[in-house]
Every structure is written in structure tokens, then in C-alpha cells.
Amino acid sequence: MCLKKIKQQFRYFVGYLFLKVAIVNKDLIINSSADGVEIALLEEKKLVEIHNEKLDARWSVGDLYLGKVKKIIPGLNAAFVDVGFEKDAFLHYTDLSPYIKSILKYTQQATADENNQFDFSKFQSAPEIIKTGKISEVLNGKPHILVQILKEPIAAKGPRLTCEISLAGRFVVLTPFNEIVAVSKKIHSGEERKRLQKIFEAVRPKNFGVIVRTAAEGKSTAELHEDLLTLTQNWKNIQSNLKGAMPPTRIMNEESKTTSILRDLLNEDFNKIVVNDKKIFDITLSYLQRIAPQKANILSMYTGDQAIFDQYGITKQVKSSFGKTVNLTSGAYLIIEHTEALHVIDVNSGFKSVSNNQEENALQTNLEAAEEIARQLRLRDIGGIIVVDFIDMKLPENRKKVQEALEEYMKTDRARHTVLPISKFGLLQATRQRIRPEVNINTSEDCPACAGSGKITSALLLEDEMEKKLAYLTTHGHKSLTILVHPIIHSHLTKGIFTSIVKRWKKKYKIKLSSQASNTSHLVEYRFLDDEQEEIKF
């Protein structure tokens, strides 16, 4: 293989297949408005996530509810539960948890505990259920039940529920009713995994299980124990809220989007958190001082005159990143479409052509598209089935490079996902966890000329309209007027030295009249100026 060819292949492989090893700088920009809070996560100044937390938002993944079983559907092996949504929430047998009998028993005892005598550490667990059982045998009698929101309401569907109760902290996830300690598989060091396993086997409270998160790697026993104590206190609060409660009732709120993002993502890569609201600033500062006091200095209060999202270039990125077409730096572009069953992404080369070799062009474009596709899935929070139509590549090794590149770029995605190999037709299939509605921001604006109708006033009718207003002004004493119009309309009004429309109007109304082109006027917009060049309001 020639040296030039080797260099090209090396550049593709290093430049696209492997992400940069260097630290990725992250900024969190928080915009508070009358409608709610918008949170933008930037990586190397590029927008990768945007969250919108409405002030009146009622449903959030992770919220705990006391619900009432309303209907059991044996054919689906599922039940519908009333948790206060206009449509009953969906609970499938596979989401019941093996410890569902313990949960039902606990719910009954906790709600009936009027004298505060219920001690969870002395709670006697019930037998586990089998994986292939029937929901009608478990939820017979339509009991009250403690459930957690697994997926927010999407379209006309109610929320999806789970009884696999979990309370997420920064380093651990607390799982009541089981006594298992599991360590994240992303912690690769065998010694570290054994250390963490040993710590939590020693400090784990009775009737609780613990899932050790990746962020726990290298943390001291004191830090880990403090996180565990915080979560056990949250469980005590849940037990207190259950006392005397009647369904449907929200028992526990998930943390705000701001604190949940910090909980899940805060690490050494974060170098800036900017907030434009004093209340959110104080809440965020308090949370930072509790979970990572050494990072509290990265928080700042924004007081500039310009809108905070404009100041940090987020508004412009939103406009360019959402919509059907997404342009790439090289001239290639993506077409993103949503159907009832799936999302389809089409990769197009556009005018990009850096080589005479079609296979190399296709590989480069596809590798560039893979990075943007990973960003788009995360930014729009696209879930379900995704089909990507990459530009055809003949060589199997090139198809594998693109697939591996996409998988690598999606490693930073917190949603569970699966990527399948590219078929010989250039199609890649993927799935991505969907737990809330897709982020859909309308970036188009109504045309000022047609107001979104796609039609504008006829030039002939526009001419009549202007003449009527001209006649009105002359009858009210105006002797010198200027018409400010779009350049095309200006040409129409002044066409012909002696026969122009402006000449005809001057002669007819015996006034001093001129037409002036304005590049800021839209096509059918016109304004009259008096002899002092002041606009005349009608």
C-alpha cells in the first residue's frame, strides 16, 4: 500500500474512530423565565443536551406515587393504575419487581401506621414472585400500591410505572426490599470493585440493597457512607409521607432537573455553571456545597443585559440543530424524520468531495455524520427504533469503522442503547431508551409577508391599497410624501421615466411624491413618510 494511502487511512481512523482522550470541558447554562427553567449542557461549547422544566410540570421520571389498581388485563399480563393522570398509568408484570409482595405488605403497613411505630429495619420480607407468573394472581383485590414513574406520559399514553423502587444518589442507588450489593461494570479495576463491595456489605442497612455507581470509583469510605445515609433518610421521609395517605397521592418528588443533572454528570470536566436566577443560584450552590464543595467556585450568577442563552450562543445552536435538515461543517447534511413506528436519519454528502475515490468520500462523510447523529439522538432525546441510511460503502471494514465510531460517540449518552452492524444496503439499526417525550423545538418562523399562509397580496391589489391611503393623506393636508417599499415594489412603482405609477400619482393628486427602496421591508410592506421623514401611522 502506498504511503499516501496509509496516511489517509490513519487520519480517518484516528480522527473519527476514536474520541479525543483529552478532558471534555462541560458548561451548564441555566435560564430561568416566567414559564419555567431551561437547562443547556455544552461540551466544548457545543450544545449536547437541553432540558425544559415547566413550573407546572406534574410528572417526572423517578417520582413515587401511592396508586390504586383500577383494571387488570390478563391478556397483556398488565394492570392500569390510577396515579392522578387523566389516563391510568400502565404497569406490566415484568415491572412488578420480584419483591412486589413485600412492597404491597409495606404499603399497607406504612399507610396504617398512625402511632409511628413502624420500623423498616424490622420489616419481614414476603416471598419473591416468579418471572413467569400472572399479574391477576399478584394484584388480586385491586390494592393500593407504591409505584415509581418509569416513563413520563407520551402522546395520548399515560405514564409507565415500575415497582422496582430505587433512590438515586451521586455514588450509589438504594434499592429497598432486597439485600444485594452490585458494583457498576464500568469500574474495570478488580481491586476497586472488591473494595467497594466490601465497604457496602459492611454499611448497608437491613432490608436495603445497593447499586454502586461508576462515580464511586476512588471515593473514600466517608463520602460513600454519607451518600448512603442521605438516601436512607429519603426513604424515612417516604415512609412518613405514606402515613395515612390515600391514592392517588405523590409521595416523593424527584430532584429538580438542575440537581439531577449535577448528581449524574458532575465531575472534573465541569468548568462552568452559570445561572440567571438568584433562587436557583442559591439552591445550586447549596447542592454543590453538599455533594462537591471543591467545585462550588465554578458556579456564577449571570447579570448581563443580553439574554443568557444568546450570550453563550445557545439560541443560535438550537435554531441550527433542530428541524428536519441538519447541516454538517463539510457541506454534508442529515435529514431527520419521525414516523409512527420509528425515526429515520438519512445521510447526504451534499457538495462534499475531498477525493476522487468514491469509497473514501463515503467513509469520511459517514464518520462525520456518526458524530452528529450521536449528538442529535442525545440532544433531541430520540428514543425507540432508529434507522440510519448511511452513504453506501462497498468494503465491510469501512462499514465496521462507521458502526464502531457511532458506538464510541454514544458512550457519553446516559440512555441505554444498542447499535447493530450496518447492512450491505448501508442501513444501521439502533434502539435507544425512551423515558420521556422527544424534545421538539420548532425553529421555523412565520413569513412576515404571508403570515405563514404561503400566499401574499397581488401586486395590483397592493397598488390599489397604496393609492387609497395616498388619497386619504392628501385630503388631510399632506403635500410631500415618500413611500418606503421593498426594492422589487420600488422598481414596479418607478418603471418608466414618464409613465411610472409614482409620476401618475403625483400628477393626479398634485403632490410631491417619491418612492424609496428599503432592504429591511418585506415584499408587501410599505410605509409613508412625511416631509420631515417621519413615519405616518394609520
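The values are calculated or read from the model by the stated rules, or taken from the named source; none is laboratory data. Bear in mind the structure is a predicted one, so any value in this text is a computation, not a measurement. Note that we place each Cβ from the backbone using ideal geometry, even for glycine, and neighbour counts take in every protein chain shown. The accessibility values were calculated without ligands, DNA or RNA, using every heavy atom of the protein model including side chains. Shrake-Rupley method; radii C 1.70, N 1.55, O 1.52, S 1.80 Å.
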Alpha-carbon centroids, the range 218-292 and the range 28-99: separation in whole Å
17
Counting other C-beta atoms within 10 Å, and keeping those with at most 13, which DSSP coil chymotrypsin sites (Phe, Trp or Tyr not before Pro) do you find in the range 318-377?
F351
Normalised by the number of residues in the range 211-353, what is the relative contact order in percent for Cα pairs under 8 Å and 6+ residues apart?
11
Principal-axis tilt of helix 221-242 within the chain, Cα atoms, nearest 10 degrees:
90
Relative contact order for the chain: what is it in percent, counting Cα pairs under 8 Å that are at least 6 residues apart?
12
How much of the accessible area of the range 274-385, probe 1.4 Å, is carbon plus sulfur, in whole percent?
49
With Cα atoms, 0 to 90° folded angle of helix 190-203 axis to the chain main axis
70
For A126, what is the net charge nearby, where nearby means another residue's Cβ is under 15 Å from its Cβ and Lys, Arg count +1, Asp, Glu -1?
0
Whole-Hz ³J(HN,Hα) from phi, Karplus 6.51 cos²θ - 1.76 cosθ + 1.60, for the range 88-94, glycine and proline x
4, 6, 9, 10, 8, 4, 5
Quick one: which residues, 5+ away or cross-chain, put their amide H under 5 Å from the amide H of L328? H built at 1.01 Å from N.
Y333, L334
Would you list which aspartates and glutamates come within 15 Å of K206, measuring only between C-alpha atoms, while excluding same-chain residues fewer than 8 positions from it?
D119, E179
Mind listing the long-range amide H neighbours of K157? Cut-off is under 5 Å, sequence gap 5 or more, other chains count too, H placed in the peptide plane at 1.01 Å from N.
none
Projected onto the charge dipole of the chain (unit charges on the beta-carbon of Lys, Arg, Asp and Glu, signs +1, +1, -1, -1), the Cα from G209, I386, A517 with the largest positive-side position is that of I386
Take the chain, compute every pairwise Cα distance, and split them into 20 Å bins from 0; I just need the percent in each bin.
17, 39, 28, 13, 4, 0
Residue-normalised accessible area of the chain, given per residue in Å² at a 1.4 Å probe:
54
Given a Förster distance of 56 Å, the FRET efficiency implied by the Cβ-Cβ spacing of A34 and K394, rounded to the nearest 0.05, works out to 0.50
Which shape class applies to the range 388-434: rounded if a/c is under 1.5, otherwise prolate when a/b exceeds b/c and oblate if not, where a ≥ b ≥ c are the square roots of the Cα gyration tensor eigenvalues?
prolate
Please report, as a whole percent, how much of the solvent-accessible surface of the range 53-173 comes from carbon and sulfur atoms (probe radius 1.4 Å).
50
From the Cα gyration tensor of the range 163-317, with a ≥ b ≥ c the square roots of its eigenvalues, which class applies: rounded if a/c is under 1.5, or else prolate if a/b is larger than b/c, or else oblate?
oblate
Check each of the GluC sites (Glu not before Pro) in the range 111-154 and keep only those in coil by DSSP with at most 10 other C-beta atoms within 10 angstrom; list them in order.
E114
Loop trypsin sites (Lys or Arg not before Pro), the range 366-425 (other Cβ atoms within 10 Å of the site Cβ: 13 or fewer; DSSP):
K394, R414, R416, K424
Whole-Hz ³J(HN,Hα) for each residue in the range 506-522, computed from phi via Karplus 6.51 cos²θ - 1.76 cosθ + 1.60 with θ = phi - 60°, x for glycine and proline: what do you get?
4, 5, 5, 9, 6, 9, 8, 9, 9, 10, 10, 6, 10, 6, 8, 7, 7
Evaluate the relative contact order of the range 118-267 (contact order divided by residue number), counting alpha-carbon pairs under 8 angstrom at least 6 apart; express in whole percent.
21
